[in-house]
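The values are calculated or read from the model by the stated rules, or taken from the named source; none is laboratory data. Predicted, not measured: the structure shown is a model, and the values here were computed from it. Cβ atoms come from the backbone with ideal geometry, glycine included; neighbour counts cover every protein chain shown.
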Amino acid sequence: MKKFNKSQLLQTQIQADNTAPAKVCDTAKTVVTPHPKHIPSPRQIFAIIPGVDTLTLLNEACEMLATLNVLIANFASKLDGPNLNVLLSIQQLATVAEMSLNQVRDNLYPRDDAPASQTPTWH
């Protein structure tokens, strides 16, 4: 049996990756393409259409944070100890961000059913 050193194994692997544009996965019977050299960030993949009004963006951000809060709460029920504490801290940050966005939205676009003069609430 022939023995290979690390550099020979690495060179063989690099050659195999460069010569095979796609590999067939036996268990799934699908074609798996190798990862590209440059993986784009989510900011490069997803974009918000320019010109969307501020109220729509604020509403969507509030909804996303509320959904994140629910997801974290569901996941937190499966954890305990230090991991639970970290997750609950993340949930608290998401809740404060959601409350802040709701206040910004209410300041910029007051609701018709809100009282006209409301004393500020200090936390």
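Going residue by residue through the stretch 45-56, is there one that turns out to be outside any loop (DSSP other than H, G, I, E, B) and over 24 Å from Asn102 (Cβ atoms)? Within the stretch 45-56, one or more residues are outside any loop (DSSP other than H, G, I, E, B) and over 24 Å from Asn102 (Cβ atoms). Kindly establish whether Lys29 is at pLDDT below 90 and at positive phi. It is true that Lys29 is at pLDDT below 90 and at positive phi. Looking across the stretch 86-104, the residues that are over 20 Å from the mean Cα position of the chain (by Cα) and either of a type in the set (Val, Ile, Thr) or over 22 Å from Ile48 (Cα atoms) (or both) come down to Gln103, Val104.
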